[in-house]
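Structure record follows, encoded as structure tokens.
The values are calculated or read from the model by the stated rules, or taken from the named source; none is laboratory data. Given the structure is predicted, the values throughout are model-derived calculations rather than measurements. Here the Cβ is made from the backbone with ideal geometry for all residues, glycine too, and neighbour counts use every protein chain on show. Side chains are part of the model used for accessible areas, which takes the heavy atoms of the whole protein and leaves out ligands, DNA and RNA. Shrake-Rupley method; radii C 1.70, N 1.55, O 1.52, S 1.80 Å.
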Amino acid sequence: MTTESPRHTVEKIGGTSMSRTEELLDTVLIGNRKGADLYQRIFVVSAYAGMTDELLEHKKSGKPGVYALFSSAESGWGWGDALSAVADKMFAHNERIFADEGARQSANRFARERVEGVRSCLIDLQRLCSFGHFQLQQHLLTVREMLASLGEAHSAFNTALLLNLHGVRARMIDLTGWRDEGQYTLDEAIERALADVDLATELPIVTGYAQCSEALMGTYDRGYSEVTLSRLTVVTKAREAIIHKEFHLSSADPRLVSPDAVRVIGETNYDVADQLSNMGMEAIHPRAAKGLRRAGIPLRVKNAFEPEHPGTVIRSDLDAQSPQVEIVTGLKNVYAFEFYDQDMVGVKGYDAEILEALKRHKVWIIAKTSNANTITHYLKGSMKAIKRVETDLSDAFPTAEIALRKIALVSAIGRDLRSPRVLTQAIRALSDAGIEPLGMHDLLRKVDLQVIVEPDQFEATIAALHKGLIEDWAAAPQQKLHAAA
């Protein structure tokens, strides 16, 4: 890779934004840029919205896609029909974005080659695993990665082709390992792919999925594109990483709090970003952020459709000037998994067994509390998976009592919440709104305050905490002084 100076950026576009192709051309990809201003950028692209759901499984509903059907012995040829439906969806998307017949045919040929290549591979694998010496389970991670790569390859090829049609010298950088003969680390794959790219005159469009020896999906599952962004930024020594979303990183969801009261977060640090990830509101995957944090490279989160707005800058060296909540967010459908055993007092091993069961059934832990004989985990996952955890633990600890209830968890997050005012004002705000929390977690780390409420009080709790801890925060000390006077 050649560039005059490390002044380039590495920018990622999410799937929902990718699907708004024409708008992206007018904002992020081209906009008002001309000549040299079009370059010194590397783009990492996700699959178009819904494509990875069709290839793997639906992220929210769990509806099986090609992968889930292929991995299920009962599905028969269902995965093949699902793969054909994915191809049809790709062709339909090509129809929408390419007015030029030649370009559309080129995009269709590319998609067809990839889809049919995967189909042939899966048929051969299915045949191979009909022999007892070969077990399908041993190959499923590879199958999952190969299927996921189809979505990113499709969007990367289309984006590069579309930019070239608009006079931009763009090139698809394919990290999916399609027909590669060697196995490389992610850093090696990046260096090889960009070896002959001149950032001053070319615009690389990089697949969000990267095939590498680290097997990204085994660790990050569907968060792999942010890892690709992170390593690209670090390996190429970019000045900044940028993530383009369809919304701003704001102090609360404007659908739950008055849009006039919500404010865009101008700057924060990676501690806050980690807490947001824990609440399912990812600015960036925590492990992807780790590389940027260590390299001292800032991350900017921008609204892809408001290009003039500077967005939110996340830095590793940014401390708060004064204690203050920056964002209020949460999860509505959370399960409180309460494990009680009178024999637990002073005995080790309970916690490890519970964690192992949660890990085995891939249940996401949001928070945890414990006392002498009770351990409560606050979980995000399917009821089916959590019930399996309950069954395993009931078998392992027959004298234990396990209770499960649905709750909502709201978190007030900031770089520094050390002031006792944060807790007292949060309690006051909830009381003023008539909300009685089921519990509160105020940890010593002082980057978040968690409030547990009934699910039907979720929206009201977010609104109340936003008002008390963000909207009214500056005025609160003056009110207190006047009252004392």
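For region 166-190, give me each residue that is closer than 16 Å to Arg109 by Cβ and of a type in the set (A, V, I, L, M, F, W, C).
The answer is Met172, Trp178.
Between a first residue in region 98-113 that is among the charged types (D, E, K, R) and a second residue that is in a helix (DSSP H, G or I), which pairs have beta carbons less than 7 Å apart while being 6 or more apart in sequence or on different chains?
Here the result reads Asp100/Leu165; Arg104/Asn94; Arg104/Glu95; Arg112/Ala87, each pair linking region 98-113 to a residue that is in a helix (DSSP H, G or I).
Could you please find all residues in region 129-142 being open to solvent by 70 Å² or more (accessible area, probe 1.4 Å) and at pLDDT below 85?
Of everything in region 129-142, those that are open to solvent by 70 Å² or more (accessible area, probe 1.4 Å) and at pLDDT below 85 turn out to be Ser130, Phe131, His133, Phe134, Gln135, Gln137, Gln138.
If a residue has to be under 18 Å from the mean Cα position of the chain (by Cα) and under 20 Å from Lys467 (Cβ atoms) to count, how many in region 224-251 make the cut?
If we filter region 224-251 for residues that are under 18 Å from the mean Cα position of the chain (by Cα), which is where we start, we get 224-233, 241-250.
Narrowing further to those that are under 20 Å from Lys467 (Cβ atoms): 248-250.
The total comes to 3.
Within the bounds of region 207-228, is there any residue that is aliphatic (A, V, I, L, M) and modelled with pLDDT of 95 or more? Walk me through it before giving the result.
Going residue by residue through region 207-228, those that are aliphatic (A, V, I, L, M) are 210, 215-217, 227.
Checking the rest, the ones that are also modelled with pLDDT of 95 or more come to none.
The answer is no, given that none of the residues of region 207-228 is aliphatic (A, V, I, L, M) and modelled with pLDDT of 95 or more.
Restricting to region 196-211, give me the number of residues that are farther than 21 Å from Trp178 by Cβ and in a loop (DSSP other than H, G, I, E, B).
So the answer is 3.
Does region 137-161 hold any residues that are among the hydroxyl-bearing types (Ser, Thr, Tyr) and closer than 16 Å to Leu216 by Cα, and which are they? First the steps, then the outcome.
The initial filter retains those residues of region 137-161 that are among the hydroxyl-bearing types (Ser, Thr, Tyr), namely 142, 149, 155, 159.
Result: Thr142, Ser149.
With Ala396, Ala408, Ala429 as the choices, which residue is in contact with a Leu (Cβ under 9 Å, 6 or more places away or on another chain) and over 30 Å from Pro286 (Cα atoms)?
On the way: Ala396 fails: in contact with a Leu (Cβ under 9 Å, 6 or more places away or on another chain); Ala408 fails: over 30 Å from Pro286 (Cα atoms).
Criteria check complete, one pass: Ala429.
Applying the selection to region 342-353, what residues are surrounded by 13 or more Cβ atoms within 10 Å (Cβ to Cβ), under 19 Å from Ile386 (Cα atoms) and of a type outside the set (Phe, Trp, Tyr)?
Asp351, Glu353
Taking only pairs six or more apart or across chains, which ones have beta-carbon atoms under 8 Å, a first residue in region 147-159 that is closer than 16 Å to Lys12 by Cα and of a type in the set (A, V, I, L, M), and a second residue that is modelled with pLDDT of 95 or more and part of a helix (DSSP H, G or I)?
Filtered contacts from region 147-159: Ala153/Phe110; Ala153/Arg114.
Quickly run through region 117-128 and pick out the residues that are at pLDDT below 95 and open to solvent by less than 50 Å² (accessible area, probe 1.4 Å).
Leu122, Leu125
Of everything in region 310-333 that's outside any strand (DSSP E or B) and among the small types (Gly, Ala, Ser), which residue is surrounded by the fewest Cβ atoms within 10 Å (Cβ to Cβ)?
Ser322
Mind counting the residues in region 361-384 that are in contact with a Lys or Arg (Cβ under 9 Å, 6 or more places away or on another chain) and under 22 Å from Pro286 (Cβ atoms)?
Qualifying residue count for the region: 8.
Identify all residues within region 292-302 that are over 22 Å from Arg445 (Cβ atoms), open to solvent by less than 50 Å² (accessible area, probe 1.4 Å) and under 16 Å from the mean Cα position of the chain (by Cα); write none if there are none.
Within region 292-302, Val301, Lys302 meet the criteria.
Only residues that are closer than 18 Å to Leu229 by Cβ and open to solvent by 20 Å² or more (accessible area, probe 1.4 Å): list them for region 193-205, please. Steps first, please.
Step one: filter region 193-205 for residues closer than 18 Å to Leu229 by Cβ, giving 193-194, 197, 199, 203-205.
Once the filter is applied, which keeps residues that are closer than 18 Å to Leu229 by Cβ and open to solvent by 20 Å² or more (accessible area, probe 1.4 Å), region 193-205 yields only Ala193.
Criterion first (over 29 Å from Pro286 (Cα atoms), out of contact with any helix residue (DSSP H, G or I) (no Cβ under 6 Å at 6 or more places or on another chain) and part of a strand (DSSP E or B)) does Ala336 satisfy it?
No: the conditions fail for Ala336.
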